[in-house]
Amino acid sequence: MSSYENRAAYLRQTLQEISPEQALHMVRHDDAILLDVRDADEIKDGLPSPAHHLARGQLELRVHHVCDDKQRPIAVMCAGGLRSLFAVESLKNLGYENVYSIRGGYKQWKESALEIRIPQQLSTQAKERYARHLLVPEVGEAGQLKLMHSRVLLIGVGGLGSPAALYLAAAGVGTIGIVDADVVESSNLQRQIIHGEDQLGKLKVDSAATAIGRLNSMIKVQTHPHYLDENNALEILSQYDLILDGSDNFKTRYLINDACVKLGIPNIHAAVYRFEGYVTTFGSNKEAPCYRCIYPELPPPEMAPSCAEAGVLGVLPGVIGVLQAVEALKVLLGIGSNLVGKMLRYDALHNQVSILQLDKADDCLCGHAPENIQLKPIEAYACAI
């Protein structure tokens, strides 16, 4: 008998083994975690329906992302019940106290006719393309698949939307929608990096779709070459999981806000002015503030000049648009701390970054029932609702 077999025999005597049926009962009634430690190529044909997959080679590095409670029961499965013994030993060495090896492994699970699922996996091409994401525990294959099934809408593909669109496409966000009725002009090229001189005079949505397709042909681009108004906002926005507001006027921002509040869709808002940029996320829950909580009334035109009137440092929208993309990926993946209830302010001239706390306003529109929220014509946004 080899030393490996001797070690396995010793572990069988000292560690707790349970049947697949016992493991399933623990998951359903004792808040246990079922951990499948087979390699990726072994789970192509199926894994237990309630299982978390974490290959044995990554167990010690990533188990805390699956379970950080050392008291919570964990049932470990491999193909035949041998590797799981060594996995249980490693988990116990890491301080996990209630760990069990499933006798007979996945082979016994199937023979017991317990429920399995066929996991969706990335193609070989996608695994190569997103290899650096797959190495990040907070993303991994499951997160990348989530991104590939996500739908994000960009309002405007100008200074903010340009870098956001490119980085979301590079990250693998499966469907990117673009709302913009403008055409590419020479003055845009100082900051709107998704367009080029060869696209002058073309619709920005078409120019952006071409650039995205050149960067990542896996991405589906939906173009909406329209101005957003009260007649089309709900129809367009309802097709997406997340909105990135890169509009350059207050009236459109109010309209986007009201539509997102009514539909319950998160809205990542950004704005730039000369050397300053702002990013925040207006969440979809009732406790989160919305755009109207900050700006209850439309400011007069002289207090809110556009980039065309006040100017902007060309690189600044790039910085802020990328921050929008970062925030979007975190929201889609459900990781990290986002900017709900906070606004990130960046002062490029003085190298200052600050976080401002945002409070929910009393009796704001975002506290109303969705069915009671009515979108107003753009021209009506001259005062608060």
Worksheet item: When the accessible area of the range 251-385 is computed with all protein chains present and a 1.4 Å probe, what percentage of it is carbon and sulfur?
Response: 55 percent
Worksheet, complete the sentence: Here the longest stretch of the chain that holds no chymotrypsin sites (Phe, Trp or Tyr not before Pro) in a DSSP loop having at most 16 other beta carbon atoms within 10 Å is 1-226
Worksheet entry | Relative contact order %, the range 24-67, counting alpha carbon pairs below 8 Å whose residues are six or more apart | 36 percent
Fill in: In nm, spacing of pseudo-spin labels at Asp241 and Gln222 (7 Å Cα→C-beta vector)
1.3 nm
Fill in: Over the chain: helical MRE at 222 nm, DSSP H runs n ≥ 4 each giving -39500 (n - 2.57), nearest 500
-10000 deg cm²/dmol
Worksheet item: Could you name the aspartates and glutamates in cross-link range of Lys70, using Cα to Cα under 15 Å and dropping any fewer than eight places away on the same chain?
Response: Asp30, Asp31, Glu60, Glu89, Glu97
Worksheet, complete the sentence: For the chain, percent of DSSP beta bridges that are antiparallel (nearest 5) comes out at 40 percent
Worksheet item: From the square roots a ≥ b ≥ c of the eigenvalues of the alpha-carbon gyration tensor of the range 42-163, which class results: rounded (a/c under 1.5), prolate (a/b over b/c), or oblate?
Response: prolate
Item to complete: Kindly flag which residue pairs out of Lys262/Lys360; Lys220/Lys330; Lys204/Lys342; Lys286/Lys342; Lys146/Lys286; Lys220/Lys360 have an alpha-carbon separation exceeding 27 Å in this structure.
Response: Lys204/Lys342; Lys220/Lys360
Worksheet item: Counting other Cβ atoms within 10 Å of each Cβ, which trypsin sites (Lys or Arg not before Pro) in the range 306-385 have at most 13 and sit in a DSSP loop?
Response: none
Discussion item. Just to confirm the number: angle between the C-alpha axis of helix 250-263 and the first principal axis of the chain, 0 to 90 degrees, nearest 10?
Written reply: 40 degrees
Fill in: Angle in degrees between helix 316-333 and the longest Cα principal axis of the chain, rounded to the nearest 10
40 degrees
Worksheet item: Can you give me the Cα centroid spacing of the range 265-296 and the range 232-249 in angstrom?
Response: 14 Å
Fill in: At most 12 other Cβ within 10 Å, DSSP loop - trypsin sites (Lys or Arg not before Pro), the range 1-88
Lys44
Discussion item. Looking at the range 133-264 only, what percent of DSSP beta bridges run antiparallel? Nearest 5 please.
Written reply: 5 percent
Discussion item. Between the range 78-143 and the range 27-53, how far is it from one alpha carbon centroid to the other, in angstrom?
Written reply: 6 Å
Worksheet, complete the sentence: With the dipole of the range 111-167 defined by +1 on each Lys or Arg Cβ and -1 on each Asp or Glu Cβ, the option from Ala131, Val152, Gln120 whose Cα lies farthest towards the positive pole is Val152
Discussion item. For the chain, set up a GNM with springs between Cα atoms under 10 Å and report which of Cys78, Cys293, Cys67 has the largest fluctuation.
Written reply: Cys67
Worksheet entry | Estimated distance in nm for a label pair at Asp68 and Ser187, the labels positioned 7 Å out from Cα along Cα-to-Cβ | 5.0 nm
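What does the C-alpha gyration tensor say about the overall shape of the range 80-128? Classify as rounded when a/c is under 1.5, otherwise prolate if a/b is larger than b/c, or oblate.
oblate
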Practice prompt. Counting only DSSP beta bridges with both residues in the range 259-368, tell me the antiparallel percent, nearest 5.
Written response: 90 percent
Fill in: GluC sites (Glu not before Pro) within the range 87-128, DSSP loop, no more than 14 other Cβ atoms inside 10 Å
Glu97, Glu115
Discussion item. Using a Cα-Cα cut-off of under 26 Å, which lysines could be cross-linked to Lys110, ignoring same-chain neighbours fewer than 8 residues away?
Written reply: Lys44
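Probe of 1.4 angstrom, ligands and nucleic acids ignored: what's the accessible area per residue over the range 51-134, in square angstrom?
Using a 1.4 Å probe on heavy atoms only, each residue of the range 51-134 averages 53 Å².
The values are calculated or read from the model by the stated rules, or taken from the named source; none is laboratory data. What you see is a predicted model, and the numbers here were worked out from it, not measured in a lab. Quick reminder, even Gly has a Cβ in these numbers, built from the backbone with ideal geometry, and neighbours come from all protein chains shown. Protein only, heavy atoms only, side chains kept; ligands, DNA and RNA dropped before computing areas. Shrake-Rupley method; radii C 1.70, N 1.55, O 1.52, S 1.80 Å.
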